[in-house]
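Undergrad: Please find one structure pasted underneath; my questions will follow.
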Amino acid sequence: MAYLLQQLANAVPLAALYAALAFGYAVAFGVTKRADITYGAIFAFAGQILLLFTELAYVKFWLVLPAALAVGAGAAIVYSLAAGIWIGRSIMLPLVSKSPNTVIVAALGIMIVLMETARLAADTRAIWLPPFLNGTVVFWSDGPFKVTLTYIQLIDTVLMAAMVAVGALILRRTAWGRIWRAVTDDPLAAELCGTSADRVFLVAYAAAALVATICGILATFYYGSMDFGAGLMFGLKVLLISAVGGYSDPLRSAGGAAGLAVVETLMGRLWPLRLARSGHFLAARSIAGHEPQGASGALAYFHLPRAVSSASFAATQSPAAPSLPCSFFQKGAAVFRKSMTKLAPSNAACRCGAAATTSTIFSPTAILPYRWMAVRPSSPKRSMASLPMRVISASAMPG
């Protein structure tokens, strides 16, 4: 019972993250009507800019950690929001009236540009934040086992839920929300009524970029880092989790994504691997059965980010394992698994000297080593140095 309650508690921050991302994506989708992976790229870009400027402020300018984090967050908002506005005005607005394929190709190019910009700026270094606000709040106790969440989890959850609530209030209670609904229903009719559809497009796209930016900052605060390849993963992930609740209503899209996070957490932690894969399929069909694309998208989403051990990887390739409905996602999942099985040993055997296997990254108590800036007594300069390991629950990780 206590373990189940802990997994439900772990699902709450993840559900808040998915809900906020889906809400912002639905706002942008209402005016674009196109599948756009740029949204996830902006989310990842914000986290990477946060890490870059936080390190710069801490190492070069010797700021205390809270001030360095504030500098990084401010820079992330400025850079990511500016990138989102420029993308919406100069790229997406001229292309939405063209073929849907042009938007997909342009979004892929934008994602590569953002990913490579952050990677080159960081010299391909993985920057990790130190754990902060890691004190726990006990919700329930059963002897030695306690159901807890950390302060940073609770803060992230509250802020993301508040963001969704404020956005829903704006869309339903303000004049701009009515204008947005009019443009999403029929842009030409809105233009004939005196509304500038292009202006609404830009405001909606900028608002979605702002939501993605804030989510990227909060997620990086909690998880400690943002990988350079996260733009593609989150671009596809947001596209698919938003489809569960449908794109027509941002609030309903947020609710569907939150429910998917709970199902993913429980199935990933309480079911064996094979049963979980089958259960993911059934859950996706039952939740998004009214939208065929949503069902297949949710199913493919469950398979994309999984990293498994060598034995589990071999088992998942057997004919008895459930197959993906789309060969594209099947190939993507296989490539991701192979890359993770190669990455895990080096990730586990280095900085902190922790003995681990290829399944360590996503084990029930994943041990993620990290490095951060610290003052060495023998040097007047700040430099990278190893600190104690950051230990988080794998079920709380997005994917």
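Bear in mind these aren't lab numbers, they're just calculated from the coordinates by the rules spelled out. Please read all numbers here as calculations on a predicted model, not as lab measurements. So basically every Cβ, Gly included, is an ideal-geometry build from the backbone, and we count neighbours across all protein chains shown.
Undergrad: Report the rotationally averaged projected area of the range 1-126 based on its alpha-carbon convex hull, in square nanometres.
TA: Details: hull surface 41.3 nm².
Taking a quarter of the hull surface, the average projection is 10.3 nm².
Undergrad: Here's a follow-up. R0 = 35 Å: FRET efficiency of PHE61 with THR124, Cβ-based, nearest 0.05? Walk me through the numbers before you get to the answer.
TA: Values: r = 23 Å, r/R0 = 0.66.
Step by step, r from the Cβ atoms, then E = 0.90.
Undergrad: Sticking with this one: Identify the trypsin sites (Lys or Arg not before Pro) of the range 94-126 meeting these criteria: DSSP loop state and at most 16 other C-beta atoms within 10 Å of the C-beta.
TA: LYS98, ARG125
Undergrad: Which FRET efficiency, nearest 0.05, do PHE145 and ILE112 yield, Cβ-Cβ r, R0 41 Å?
TA: 0.35
Undergrad: Let me ask something else. Sorted from fewest to most neighbouring beta carbons within 10 Å, what does the list VAL138, VAL78 look like?
TA: VAL138, VAL78
Undergrad: I need PHE221, PHE53 ordered by Cβ neighbour count within 10 Å, fewest first.
TA: With the fewest neighbours first, PHE221, PHE53 line up as PHE221, PHE53.
Undergrad: Right, something else. When ILE152, ILE37, ILE112 are ordered from fewest to most other Cβ atoms inside 10 Å of their Cβ, what list results?
TA: Lowest count first: ILE112, ILE152, ILE37.
Undergrad: Would you kindly compute the Cα radius of gyration of the range 50-121 and its largest Cα-Cα separation (Dmax), both in Å?
TA: 16.0, 50
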